[in-house]
Amino acid sequence: MIMKLSILHINNTHLTLDKDFSLINKIKEENKKRVIETLVLGDGNSIFNNIEHKNDEQDLLNTVPFDATTLGSHQFDEGSKGIVENLNKINFPILAANVNFEDDKLLNPLVKEGKFIPYLLKNTTSGKKIGIFGLTTMDIVYRSHPSAETIFFNPFDKADFIVKRLKNLGVDVIILLSQLGEEMNQMLAQQFLEIDIIIDKPVGTSGKKVEKCGNTLIIQSETDNYSLMESEINIDDEGNLLFIQENNYV
């Protein structure tokens, strides 16, 4: 049985105080009528930013039916304290497979509450199981202000561990939310053939939005501004992916 999958990917939601997210729910409702599974995923640069009106931003983001986001550099602009102050204001998980908060006294309790998780499992109406995990860049240590107790691990080592774990759990489709950039994502796709889809962070200099690297689809916004992309993908019983079309709403 072919599964029809729609991925709604939102970039740079820290630029969205004047945006209306009701369109997302409308798209989801239309997809239901067409028997299409819909995932709503965000890039990491969406929350906890050191900007004016950030509390308004969290309230606004809770109107978005996110399935998950990943962890971007801006989350650490105010260190662990800034994350703690804002994390309880959102109602969706943040995927951070290669970040360890065990020794961070401020963030470890929130990990135990399930605010940060390495991967997420989604069961679909078609009977297929989707596994989603997130990887962030190790250079956050230099670009932002994480606590010294927050440990960033090599994303390739963690990808190896998570991919094996997801396959052991019987996942049919593996999606990676990545903050690593085009070159490293291509290397991941070549090394880990089980990764079916990589959602990349937006890069303003790239003209490509969807490319095939081996058997892996890499989806990337070409703008550094706020954007909402939809990628429609068909997946057959053998796990083969056929990219159908891309819709750009913003």
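The values are calculated or read from the model by the stated rules, or taken from the named source; none is laboratory data. Please read these numbers as outputs of a predicted model, since none were measured by experiment. Cβ atoms come from the backbone with ideal geometry, glycine included; neighbour counts cover every protein chain shown. Side chains included, ligands, DNA and RNA excluded: accessible areas come from the protein's heavy atoms. Shrake-Rupley method; radii C 1.70, N 1.55, O 1.52, S 1.80 Å.
Descriptive notes on the structure:
- Both numbers refer to the Cα atoms of segment 99-152; Rg and Dmax are 14.6, 44 Å.
- Whole-number D in µm² s⁻¹ for segment 159-201, Kirkwood Cα-pair radius fed into Stokes-Einstein, 20 °C, 1.002 mPa s: 203 µm²/s
- In the distance distribution for segment 92-250, Cα-Cα pairs more than 20 Å apart total 54 percent.
- Length-normalised contact order for segment 105-165 - Cα pairs under 8 Å, 6+ apart - percent: 22 percent
- Over 27 Å between alpha carbons, listed pairs LYS32/LYS129; LYS26/LYS112; LYS81/LYS164; LYS105/LYS164: LYS26/LYS112; LYS81/LYS164; LYS105/LYS164
- Segment 101-250 - percent of accessible surface contributed by carbon and sulfur, probe 1.4 Å: 47 percent
- Loop-resident sites, segment 94-139, for trypsin sites (Lys or Arg not before Pro), counting at most 11 other Cβ within 10 Å (DSSP): LYS105
- Divided by 2.2 N^0.38 Å, where N counts the residues, the Cα radius of gyration of segment 70-163 comes to 1.12.
- Solvent-accessible surface (1.4 angstrom probe) belonging to GLU149, in square angstrom, nearest 10: 90 Å²
- Candidates per chymotrypsin sites (Phe, Trp or Tyr not before Pro) in segment 121-177, loop by DSSP, up to 15 other Cβ within 10 Å: PHE153
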